[in-house]
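The structure under discussion appears below in the form of structure tokens.
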Amino acid sequence: MFDGPLTGGTFDGQPRGVELFADSDIADLSIFGLGVSNIEPGKEGMDFAFDPISVSAGEFVYLSYESTNFNNFFGFNPDITNNTLRQVRGVFGVELYKNGSVIDVFGDITIQAANSDPWKFADSWAYRVDETGPDGTTFNVDNWILPGRNTLDDETSNATAEDPVPLGTFSPGEIARDQTGGVGVTPEPSTYGIIFSVFAVGLVVWRKRNRLKY
């Protein structure tokens, strides 16, 4: 996830969005969707379904609130835009749905993150650790790279940022999962199809592996 530093439009702090990773071929991405806790912490439910596009195993899908500043910062256009993604700001929990059920989650959907909460990444980014996930309905902060808040302040592009968002670098490895998204037996990859790899809100925050700072 990322919450970028650019200004413009209705909401400053752009681009805002999410990177997803497909761990199997997906004929129709619209069976997946996102729910953002936003201004009503504790609110559950899917806010929108993804576009009905096909995705191949190993591909990354980029979702953003808007496309202009996403392109200005990253140098390419997002695959999907939706107004709900303006609330991906590093302080609200986000859930990933498949066929109406939660299969992955970032943060705590029951609260708005305080500065003391380790998963808050406003003006920064959060990226999934390789060979982890999906985590079902239980958030595990240890499965996420979190460089700290305000990492992207005053940056103009991801290419020149001191701590850039590590787009397209997630590696699933040999993840053993049970049918609920936990660690266990290894099902066919199509059990899940897609998982969060990067979240963003306002500014992209990045933490190199083994360099956690809150």
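The values are calculated or read from the model by the stated rules, or taken from the named source; none is laboratory data. Values in this document were obtained by computation on a predicted structure and should not be read as measured data. Counting neighbours? That spans all protein chains shown, and the Cβs are built from the backbone with ideal geometry, glycine included. Protein only, heavy atoms only, side chains kept; ligands, DNA and RNA dropped before computing areas. Shrake-Rupley method; radii C 1.70, N 1.55, O 1.52, S 1.80 Å.
For the reader, a short list of remarks on this structure follows.
- Subset of region 47-89 (residues that are open to solvent by 60 Å² or more (accessible area, probe 1.4 Å) and among the polar types (S, T, N, Q)): 54, 68, 72, 77, 81, 83
- Test: residue in region 114-130 that is without any contact (Cβ under 8 Å) to a residue 24 or more places away in the chain and of a type in the set (Gly, Ala, Ser): yes
- Scanning region 90-112 for residues that are in a loop (DSSP other than H, G, I, E, B) and open to solvent by less than 60 Å² (accessible area, probe 1.4 Å) gives 90, 91, 93, 100, 107, 108, 109, 111.
- Output for region 153-182, where each listed residue is among the hydrophobic types (A, V, I, L, M, F, W, C), at pLDDT 85 or above, surrounded by 12 or more Cβ atoms within 10 Å (Cβ to Cβ) and touching a Gly at 6+ places or on another chain (Cβ under 8 Å): none
- Residue check, residue 115 open to solvent by 40 Å² or more (accessible area, probe 1.4 Å) and not in a loop (DSSP other than H, G, I, E, B): no
- Residue satisfying all of: in region 121-130; in contact with a strand residue (DSSP E or B) (Cβ under 9 Å, 6 or more places away or on another chain) and open to solvent by 10 Å² or more (accessible area, probe 1.4 Å); modelled with the highest pLDDT among these: 129
- Test result for residue 133, free of Cβ contacts under 8 Å to residues at least 12 places away in the same chain and either open to solvent by 10 Å² or more (accessible area, probe 1.4 Å) or on the phi > 0 side of the Ramachandran plot (or both): no
- Remark: pairs (first residue in region 167-178, of a type in the set (A, V, I, L, M, F, W, C); second residue modelled with pLDDT of 90 or more and open to solvent by 50 Å² or more (accessible area, probe 1.4 Å); Cβ separation under 6 Å; 6+ apart in sequence or on different chains) = 175/131.
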